[in-house]
Amino acid sequence: MAIVSPLSSKTALPLIAGALLALGGCDKGPSTEAQPAAVAPAGKESLTGTIDRSFAGELMPAVNVTDPAGRQLNLGVLQGKPVLVNLWATWCAPCVTEMPLLDELAGELAGKVRVVTISQDLTGAAAVQPFFAEKKFTHLEPWLDPETALAEKLGGGVLPVTVLYDASGREVWRVVGGYDWASPAARGAIDEGAW
(Lines give C-alpha, C1' and ligand atoms only; values in the text may rest on other atoms or scores of the structure.)
Protein backbone atom coordinates (compact mmCIF):
# COMPACT_ATOMS: atom_id res chain seq x y z
CA MET A 1 0.00 0.00 0.00
CA ALA A 2 1.36 3.41 -0.95
CA ILE A 3 1.57 6.12 1.66
CA VAL A 4 0.41 9.49 0.44
CA SER A 5 1.72 12.58 2.15
CA PRO A 6 -0.93 15.06 3.26
CA LEU A 7 1.38 17.90 2.17
CA SER A 8 0.72 19.46 -1.20
CA SER A 9 3.67 20.47 -3.38
CA LYS A 10 2.99 24.09 -2.40
CA THR A 11 3.36 23.17 1.25
CA ALA A 12 6.22 20.70 0.91
CA LEU A 13 8.54 22.89 -1.18
CA PRO A 14 8.84 25.69 1.41
CA LEU A 15 9.48 23.10 4.13
CA ILE A 16 12.24 21.48 2.06
CA ALA A 17 13.77 24.88 1.22
CA GLY A 18 13.68 25.82 4.90
CA ALA A 19 15.46 22.61 5.86
CA LEU A 20 18.14 23.25 3.25
CA LEU A 21 18.63 26.79 4.53
CA ALA A 22 19.50 25.33 7.89
CA LEU A 23 22.38 23.53 6.18
CA GLY A 24 24.11 26.83 5.44
CA GLY A 25 22.80 28.05 2.11
CA CYS A 26 21.05 31.23 1.06
CA ASP A 27 17.41 31.26 0.05
CA LYS A 28 17.32 32.33 -3.59
CA GLY A 29 13.71 33.42 -3.21
CA PRO A 30 11.21 33.86 -6.01
CA SER A 31 12.69 35.38 -9.13
CA THR A 32 10.08 38.15 -9.13
CA GLU A 33 11.25 39.67 -5.84
CA ALA A 34 14.13 42.11 -5.54
CA GLN A 35 17.33 40.47 -4.43
CA PRO A 36 19.21 41.71 -1.37
CA ALA A 37 22.26 43.92 -1.71
CA ALA A 38 25.69 42.33 -1.71
CA VAL A 39 26.88 41.19 1.69
CA ALA A 40 30.26 40.72 3.30
CA PRO A 41 31.65 37.19 3.33
CA ALA A 42 30.58 35.18 6.35
CA GLY A 43 33.87 33.35 6.95
CA LYS A 44 34.73 29.69 6.71
CA GLU A 45 32.36 28.82 9.58
CA SER A 46 29.51 29.35 7.09
CA LEU A 47 30.87 26.60 4.80
CA THR A 48 28.69 23.83 6.19
CA GLY A 49 27.53 22.05 3.01
CA THR A 50 27.97 18.30 2.60
CA ILE A 51 28.39 16.08 -0.43
CA ASP A 52 25.15 14.50 -1.69
CA ARG A 53 25.34 11.60 -4.17
CA SER A 54 21.57 11.02 -4.45
CA PHE A 55 21.42 12.64 -7.92
CA ALA A 56 24.40 10.70 -9.33
CA GLY A 57 23.97 9.74 -12.98
CA GLU A 58 21.69 12.62 -13.97
CA LEU A 59 22.71 14.46 -17.14
CA MET A 60 23.95 18.04 -17.01
CA PRO A 61 21.06 20.31 -18.06
CA ALA A 62 21.44 21.81 -21.53
CA VAL A 63 21.00 25.41 -20.35
CA ASN A 64 22.53 28.43 -22.06
CA VAL A 65 24.37 30.93 -19.89
CA THR A 66 26.03 34.15 -21.04
CA ASP A 67 28.97 36.29 -20.06
CA PRO A 68 28.85 40.10 -19.71
CA ALA A 69 29.95 40.47 -23.38
CA GLY A 70 27.00 38.35 -24.54
CA ARG A 71 28.91 35.16 -25.42
CA GLN A 72 26.81 32.05 -24.85
CA LEU A 73 27.83 28.76 -23.29
CA ASN A 74 25.56 25.71 -23.57
CA LEU A 75 26.29 23.58 -20.53
CA GLY A 76 24.95 20.48 -22.25
CA VAL A 77 27.93 20.39 -24.63
CA LEU A 78 30.60 20.59 -21.92
CA GLN A 79 31.68 17.01 -22.29
CA GLY A 80 35.09 15.44 -22.66
CA LYS A 81 36.43 16.53 -19.29
CA PRO A 82 34.87 16.81 -15.83
CA VAL A 83 33.06 20.06 -14.96
CA LEU A 84 32.42 21.56 -11.54
CA VAL A 85 29.38 23.87 -11.87
CA ASN A 86 28.76 26.38 -9.08
CA LEU A 87 25.59 28.48 -8.80
CA TRP A 88 26.10 31.56 -6.65
CA ALA A 89 25.02 35.19 -6.13
CA THR A 90 26.73 38.35 -4.92
CA TRP A 91 24.19 38.74 -2.09
CA CYS A 92 24.76 35.21 -0.70
CA ALA A 93 27.33 35.21 2.15
CA PRO A 94 28.44 31.55 1.81
CA CYS A 95 28.71 32.07 -1.96
CA VAL A 96 30.95 35.11 -1.51
CA THR A 97 33.08 33.20 1.02
CA GLU A 98 33.69 30.23 -1.27
CA MET A 99 34.35 32.17 -4.51
CA PRO A 100 38.08 32.82 -3.78
CA LEU A 101 38.44 29.12 -2.89
CA LEU A 102 36.83 28.19 -6.21
CA ASP A 103 39.15 30.59 -8.06
CA GLU A 104 42.16 28.91 -6.47
CA LEU A 105 40.72 25.46 -7.20
CA ALA A 106 40.13 26.40 -10.86
CA GLY A 107 43.80 27.33 -11.17
CA GLU A 108 44.96 24.09 -9.57
CA LEU A 109 42.65 21.94 -11.71
CA ALA A 110 43.24 23.76 -15.02
CA GLY A 111 43.30 21.25 -17.86
CA LYS A 112 41.81 18.48 -15.68
CA VAL A 113 38.48 19.80 -14.38
CA ARG A 114 36.72 22.92 -15.65
CA VAL A 115 35.26 25.11 -12.90
CA VAL A 116 32.23 27.09 -14.13
CA THR A 117 30.69 29.62 -11.73
CA ILE A 118 27.26 30.89 -12.79
CA SER A 119 25.71 33.91 -11.11
CA GLN A 120 22.02 33.78 -10.24
CA ASP A 121 21.89 37.56 -9.67
CA LEU A 122 18.74 38.91 -11.32
CA THR A 123 20.61 42.06 -12.42
CA GLY A 124 23.23 39.95 -14.21
CA ALA A 125 26.38 41.79 -15.29
CA ALA A 126 25.45 44.91 -13.30
CA ALA A 127 26.06 42.97 -10.08
CA VAL A 128 28.69 40.50 -11.24
CA GLN A 129 31.19 42.68 -13.13
CA PRO A 130 31.95 44.98 -10.16
CA PHE A 131 32.21 41.94 -7.87
CA PHE A 132 34.71 40.21 -10.18
CA ALA A 133 36.68 43.46 -10.60
CA GLU A 134 36.89 43.96 -6.83
CA LYS A 135 37.92 40.36 -6.09
CA LYS A 136 40.42 40.15 -8.99
CA PHE A 137 39.69 36.51 -9.81
CA THR A 138 42.29 35.08 -12.15
CA HIS A 139 40.78 31.70 -13.07
CA LEU A 140 36.98 32.14 -12.95
CA GLU A 141 34.81 33.53 -15.72
CA PRO A 142 31.71 35.62 -14.91
CA TRP A 143 28.94 33.44 -16.38
CA LEU A 144 25.39 34.76 -15.89
CA ASP A 145 21.95 33.16 -15.55
CA PRO A 146 19.69 36.07 -14.50
CA GLU A 147 16.56 34.07 -15.39
CA THR A 148 17.76 31.36 -12.94
CA ALA A 149 17.01 28.63 -15.50
CA LEU A 150 19.80 26.40 -14.26
CA ALA A 151 18.79 26.77 -10.62
CA GLU A 152 15.29 25.66 -11.57
CA LYS A 153 16.66 22.59 -13.39
CA LEU A 154 18.76 21.67 -10.36
CA GLY A 155 15.93 22.02 -7.87
CA GLY A 156 16.25 25.77 -7.20
CA GLY A 157 15.74 27.66 -3.98
CA VAL A 158 19.07 27.56 -2.12
CA LEU A 159 22.49 28.93 -2.99
CA PRO A 160 25.25 28.09 -3.37
CA VAL A 161 24.84 24.75 -5.08
CA THR A 162 27.82 23.05 -6.71
CA VAL A 163 27.63 19.96 -8.93
CA LEU A 164 30.48 17.80 -10.21
CA TYR A 165 29.82 16.24 -13.62
CA ASP A 166 32.07 13.55 -15.07
CA ALA A 167 33.56 13.69 -18.58
CA SER A 168 30.37 12.22 -20.08
CA GLY A 169 28.21 14.97 -18.53
CA ARG A 170 26.69 12.83 -15.76
CA GLU A 171 26.40 14.06 -12.19
CA VAL A 172 28.81 12.54 -9.67
CA TRP A 173 27.72 14.52 -6.60
CA ARG A 174 26.48 17.92 -5.45
CA VAL A 175 26.87 20.21 -2.47
CA VAL A 176 24.04 22.48 -1.30
CA GLY A 177 25.41 25.31 0.82
CA GLY A 178 28.92 26.66 1.13
CA TYR A 179 31.86 24.25 1.07
CA ASP A 180 35.56 24.52 1.88
CA TRP A 181 37.02 23.85 -1.59
CA ALA A 182 40.58 24.05 -0.19
CA SER A 183 40.02 21.10 2.16
CA PRO A 184 41.51 17.63 1.62
CA ALA A 185 37.94 16.23 1.62
CA ALA A 186 37.02 18.48 -1.32
CA ARG A 187 40.11 17.45 -3.28
CA GLY A 188 39.42 13.77 -2.61
CA ALA A 189 35.80 14.09 -3.74
CA ILE A 190 36.83 15.90 -6.94
CA ASP A 191 39.43 13.23 -7.67
CA GLU A 192 36.75 10.58 -7.18
CA GLY A 193 34.66 11.99 -10.00
CA ALA A 194 37.34 13.49 -12.18
CA TRP A 195 38.84 10.33 -13.65
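The values are calculated or read from the model by the stated rules, or taken from the named source; none is laboratory data. From a predicted model like this one, the values you see are computed outputs, not experimental measurements. Cβ: placed from backbone, ideal geometry, glycine included. Neighbour counts: every protein chain shown.
How many residues does region 128-176 contain that are among the charged types (D, E, K, R) and assigned to a helix (DSSP H, G or I)? It would help to see each step written out before you state the result.
Here is the first cut: in region 128-176, the residues among the charged types (D, E, K, R) are 134-136, 141, 145, 147, 152-153, 166, 170-171, 174.
So of that shortlist, the ones also assigned to a helix (DSSP H, G or I) come out as 134-135, 152-153.
Matching residues across region 128-176 total 4.
For W143, are the conditions met, namely being closer than 11 Å to L84 by Cα and among the aromatic types (F, W, Y)?
no
Name every residue in region 177-190 that is under 19 Å from A89 (Cα atoms) and either part of a strand (DSSP E or B) or over 13 Å from the mean Cα position of the chain (by Cα) (or both), in order of residue number. If you could, list the steps in order and put the result at the bottom.
The initial filter retains those residues of region 177-190 that are under 19 Å from A89 (Cα atoms), namely 177-181.
Listed by number, the list holds a single entry, D180.
Of the residues that make up region 162-171, is at least one of a type in the set (D, E, K, R), under 18 Å from P94 (Cβ atoms) and buried (at least 20 other Cβ atoms within 10 Å of the Cβ)?
Here is the first cut: in region 162-171, the residues of a type in the set (D, E, K, R) are 166, 170-171.
Among the residues that remain, those that are also under 18 Å from P94 (Cβ atoms) are: none.
No, there is no match, as no residue in region 162-171 is of a type in the set (D, E, K, R), under 18 Å from P94 (Cβ atoms) and buried (at least 20 other Cβ atoms within 10 Å of the Cβ).
I'd like the full set of residues that are in contact with a strand residue (DSSP E or B) (Cβ under 7 Å, 6 or more places away or on another chain) and at negative phi, limited to region 106-126. Write out each step before concluding.
The initial filter retains those residues of region 106-126 that are in contact with a strand residue (DSSP E or B) (Cβ under 7 Å, 6 or more places away or on another chain), namely 106, 109, 113-120, 124-125.
A106, L109, V113, R114, V115, V116, T117, I118, S119, Q120, A125, listed by residue number.
For a quick check of your reading of the model, give me the residue pairs whose first member lies in region 164-179 and is at positive phi and in contact (Cβ under 8 Å) with a residue 40 or more places away in the chain, whose second is among the β-branched types (V, I, T) and outside any strand (DSSP E or B), with beta-carbon atoms closer than 7 Å and at least 6 apart or on different chains.
G177/T48
Of the residues A62, A69, A56, which is touching a Gly at 6+ places or on another chain (Cβ under 6 Å), assigned to a loop (DSSP other than H, G, I, E, B) and either closer than 19 Å to R114 by Cα or at pLDDT 85 or above (or both)? Spell out how you get there, then give the answer.
Working: A69 fails: touching a Gly at 6+ places or on another chain (Cβ under 6 Å); A56 fails: touching a Gly at 6+ places or on another chain (Cβ under 6 Å).
When all the criteria are applied, what remains is A62.
Table: residues versus (1) at pLDDT 95 or above; (2) of a type in the set (D, E); (3) under 14 Å from the mean Cα position of the chain (by Cα).
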residue: W88; (1), (2), (3): yes, no, yes
residue: G107; (1), (2), (3): yes, no, no
residue: W143; (1), (2), (3): yes, no, yes
residue: K153; (1), (2), (3): no, no, yes
residue: L164; (1), (2), (3): yes, no, yes
residue: V175; (1), (2), (3): yes, no, yes
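Within region 59-100, can you find the residues that are among the charged types (D, E, K, R) and touching a residue at least 60 places away in the same chain (Cβ under 8 Å)? Talk me through it step by step, then tell me what you get.
Within region 59-100, the subset among the charged types (D, E, K, R) is 67, 71, 81, 98.
If the condition is that a residue be among the charged types (D, E, K, R) and touching a residue at least 60 places away in the same chain (Cβ under 8 Å), then D67, K81, E98 are the ones that fit.
Quick one: would you say A89 is surrounded by 15 or more Cβ atoms within 10 Å (Cβ to Cβ) and of a type in the set (G, A, S)? Let's see the steps before the verdict.
Working: surrounded by 15 or more Cβ atoms within 10 Å (Cβ to Cβ): yes; of a type in the set (G, A, S): yes.
Considered against the rule, which asks whether it is surrounded by 15 or more Cβ atoms within 10 Å (Cβ to Cβ) and of a type in the set (G, A, S), A89 comes out as yes.
Quick check: is even one residue across region 110-127 in a helix (DSSP H, G or I), acidic (D, E) and modelled with pLDDT of 95 or more?
The answer is no, given that none of the residues of region 110-127 is in a helix (DSSP H, G or I), acidic (D, E) and modelled with pLDDT of 95 or more.
Return the residues of region 87-109 that are among the aliphatic types (A, V, I, L, M) and in a helix (DSSP H, G or I); say none if nothing qualifies. Full working, then the answer.
Of all residues in region 87-109, those among the aliphatic types (A, V, I, L, M) come to 87, 89, 93, 96, 99, 101-102, 105-106, 109.
Residues satisfying the conditions are A93, V96, M99, L101, L102, L105, A106, L109.
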